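To start, the structure under review is shown below, and the notes come after it.
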Amino acid sequence: MTTEQIRYFIALARELHFMKSAQKVNLTQSAFSRQIQNLENELQVRLFDRDNRNVSLTDAGRFLYDKWLPLLDTLEATQLYAQQLERGEQGVVRISHPPSISGTTIPEVVRKISSLYPKLKIELTQFVYGEEAEGLKNYRLDIAYTRDQLREDAIDSRYISTEPFAFVVSEKSNINTHEDLTPEILNRQKFIMPPLMPQSSYDMSMKSIIDKYAIQPGVLIESHFGSAILALIEKGYGISIMPISYEASQVKGVRFIPVAFNAELYINWRKNENSPVVERIIRLLAEDNGSM
């Protein structure tokens, strides 16, 4: 018994006319009749009484019609939803990213995905550093943008871009240009920094900057949240070292002074991704950065 045979049975149960039913399902009358006969033979149940003039449901046929009709409706709705998932017309893609790219990379990511899959829900989130790999492996995430390449057997990565770091100061500060970034001036400042993570290339770059400028930062506040760091800088509570893409957030009252050290950006995803939509999105987002 096949789903198509059940559809043919439903069509005949509604029309009670072989020719009209066959036309509705795009079969010849003889082929349609064979399908109904095959169904009855398999079930070992007579579904219809028929003579030269009339077709009517038997008691068994009426029972199966009442039971199969809602099941067929559910099956067809489920099949349609699965097809929509395949095409990206339904469902969700979950993307994590560092807060620094909220005003630069992420708007373009959303534009690309929405242009291809306008009905797909996009969930943007920010994971604490070090948790992205587990988020991908346990399907809490589909795509992760990170400052460090995730080196896991179950994860693939692609380099995306490089951008400079910058000292970020209040506009009321007496630090105005690169020439003001002297050890004497910097060591009088309070630093507001994200927590440093061992073996992170991002934080190794931060430490290189600290060494280069002979800074012994007295960290006043640690925060994972760039928006909080910028707000505190604007209020005059200290200075920080951040990727220059934070400048796109257009926070008033802060000044960015670029330095010759860079932060890298990577895109990471599960190997052997089983969602065709997610796989196509990954290809879309990585297409300008080499073939996959």
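Say whether the condition of being part of a strand (DSSP E or B), under 23 Å from Val251 (Cα atoms) and in contact (Cβ under 8 Å) with a residue 40 or more places away in the chain is met by at least one residue in the stretch 109-130. Scanning the stretch 109-130, I find no residue that is part of a strand (DSSP E or B), under 23 Å from Val251 (Cα atoms) and in contact (Cβ under 8 Å) with a residue 40 or more places away in the chain, so the answer is no. Apart from one condition, Pro194 fits all of (1) assigned by TED's automatic domain parsing to the domain that holds Asp153; (2) surrounded by 15 or more Cβ atoms within 10 Å (Cβ to Cβ); the exception is (1).
Exactly one condition in (1) β-branched (Val, Ile, Thr); (2) in the same structural domain as Ser245 (by TED's automatic domain parsing); (3) assigned to a strand (DSSP E or B) is not met by Ile175; state its number. Answer for Ile175: the failing condition is (3). Among strands (runs of 3 or more DSSP E) entirely within the stretch 201-292, having at least 2 residues that are buried (at least 17 other Cβ atoms within 10 Å of the Cβ) and under 31 Å from the mean Cα position of the chain (by Cα) singles out 240-243, 254-270. Selection within the stretch 52-95: residues that are among the small types (Gly, Ala, Ser) and outside any helix (DSSP H, G or I). The member of this set that is modelled with the lowest pLDDT is Gly88. A residue that is small (Gly, Ala, Ser) and in contact with an Asp or Glu (Cβ under 8 Å, 6 or more places away or on another chain) occurs nowhere in the stretch 227-243. Please verify whether Ser157 is touching a Gly at 6+ places or on another chain (Cβ under 7 Å) and buried (at least 17 other Cβ atoms within 10 Å of the Cβ), treating the condition exactly as stated. When the stated conditions are applied, Ser157 does not pass them. When the test is whether a residue is at pLDDT 85 or above, loosely packed, with under 12 Cβ neighbours inside 10 Å and more than 30 Å from Glu15 (Cβ to Cβ), Arg151 passes it. Do we find a residue being over 19 Å from Leu71 (Cβ atoms) and under 49 Å from the mean Cα position of the chain (by Cα) anywhere in the stretch 8-15? Checking the stretch 8-15: at least one residue is over 19 Å from Leu71 (Cβ atoms) and under 49 Å from the mean Cα position of the chain (by Cα).
Taking the criterion of being aliphatic (A, V, I, L, M) and touching a Pro at 6+ places or on another chain (Cβ under 6 Å), the residues of the stretch 216-271 that qualify are Ile244, Ala263.
The values are calculated or read from the model by the stated rules, or taken from the named source; none is laboratory data. Because the structure is predicted, anything quoted here is derived from the model rather than measured. Virtual Cβ from ideal backbone geometry, glycine too; neighbours counted across all protein chains shown.
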